[in-house]
1. Placing +1 at every Lys and Arg Cβ and -1 at every Asp and Glu Cβ, with all other atoms neutral, what dipole size does the protein assembly as shown have around its Cα centre, in debye to the nearest 20?
2. Given R₀ = 45 Å, what would the calculated FRET efficiency be for B:D86 paired with B:F34, taking r from the Cβ atoms and rounding to 0.05?
3. In degrees from 0 to 90, rounded to the nearest 10, what is the angle of the helix B:91-115 Cα long axis to the longest principal axis of chain B?
4. Could you list B:R87, A:R86 in order of exposure, starting from the residue whose Cβ has the fewest other Cβ atoms within 10 Å?
5. In peptide B:33-46, how many Cβ atoms from other protein chains are near each Cβ within 10 Å, on average?
6. Could you give the spread of the C-alpha atoms of segment A:9-57 along their three principal axes, from largest to smallest, in whole angstroms?
7. What number, in nm² with one decimal, is the all-direction average of the projected area of the convex hull of the alpha-carbon atoms of the protein assembly as shown?
8. Can you put B:W28, B:W6, A:W119, A:W16 in order of Cβ neighbours within 10 angstrom, beginning with the fewest?
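Derivation of every value follows stated rules applied to the coordinates shown; laboratory data play no part. Just so you know, these numbers come straight off a predicted model, no measurement behind them. Cβ atoms come from the backbone with ideal geometry, glycine included; neighbour counts cover every protein chain shown.
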Amino acid sequence: MSTEARKRLAYTHLFWWFMFANGGGLAALVLPVHILVQGILGPLGIVTVVDQHYDTWVNVLGNPIVKLYLLVLIALSFFHFAHRLRYLLVDFGVHTAKSVPVQVIFYGGAVAVTVVTIWVLLTTAPISFG
Amino acid sequence: MPAGWWLRKRHYFMYVVREFTALPMALWLLWLLFDIKGAGAGAGGFQPPRSTGFVVFSAVCLVFAMYHSYTFLKLAGVIIHLKLLDRPVPPRVIVFTMFGLWALASIVIGAVLIGFGR
């Protein structure tokens with residue numbers, strides 16, 4: 001393998017490792033509180049939560065910082081999930097999970113979720129600083 | 001590896017559970033995306049998440065998400081190598097800091113999600 005090809009491979013590994021580690025770290029730090037508040041406490045009526053009313057939800061979603069935060073949270077997490085689930089298949093003896101087509105399916109899925117997230121965030125609530 | 005290897009030792013089983021946490025967390029984030037999209041339906045079409053089924057689903061996802069957080073942040077001491085004033089930061093300090101960050105992030109995000117609600 002040429003030095004150039006080796007360097008390219010190293011950068012590719014660096015990129016995927018960066019996405020995997022940061023996605024896992026971000027999900028570890030913030031996902032439980034989202035699930036607890038938006039998934040349990042809010043629906044049970046124990047506390048007031050932004051996504052329980054249309055006007056508060058749209059208001060928060062219009063904030064560009066919130067849009068960016070949600071994009072980073074969802075996109076990075078999905079790159080982490082893709083990596084973990086693919087290697088889980090390898091651990092279960094599904095050796096085709098190492099192949100390029102399967103890598104394309106898993107990481108391509110993460111890219112697809114990222115694109116859909118961008119589209120949803122840009123088309124759902126107009127950007128506003130109010 | 002033989003089939004069922006992950007059922008032979010508790011350590012292997014917990015490893016598989018740790019890796020599996022990705023699936024329920026992914027499903028919950030897909031729901032969050034759906035919830036965000038719901039805001040585009042307009043005031044008349046918006047349906048806030050309140051069903052019992054959704055709460056049960058979230059409770060299950062929360063267990064997996066907490067396990068992911070615990071195992072991932074605990075590993076920080078092994079993965080992250082920092083030096084402060086030319087001396088390596090002890091792994092337990094890094095782990096303690098990560099768990100502190102988890103608590104802080106939870107308080108801040110929880111306050112935003114609840115504080116902006118009505």
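1. Numbers: 18 positive and 7 negative charges, 158 e Å.
Approximately 760 debye in magnitude.
2. Details: r = 50 Å, r/R0 = 1.12.
With R0 = 45 Å, the Cβ-Cβ based efficiency is 0.35.
3. Approximately 10 degrees, to the nearest ten.
4. Working: B:R87 8, A:R86 20.
Arranged by neighbour count, lowest to highest, B:R87, A:R86 become B:R87, A:R86.
5. Values: counts 8, 1, 5, 12, 7, 4, 13, 6, 2, 2, 4, 1, 1, 6.
Per-residue shielding by partner chains comes out at 5.
6. 50, 20, 10
7. On the way: hull surface 69.9 nm².
It is 17.5 nm².
8. Going from sparsest to densest Cβ surroundings: A:W119, A:W16, B:W6, B:W28.
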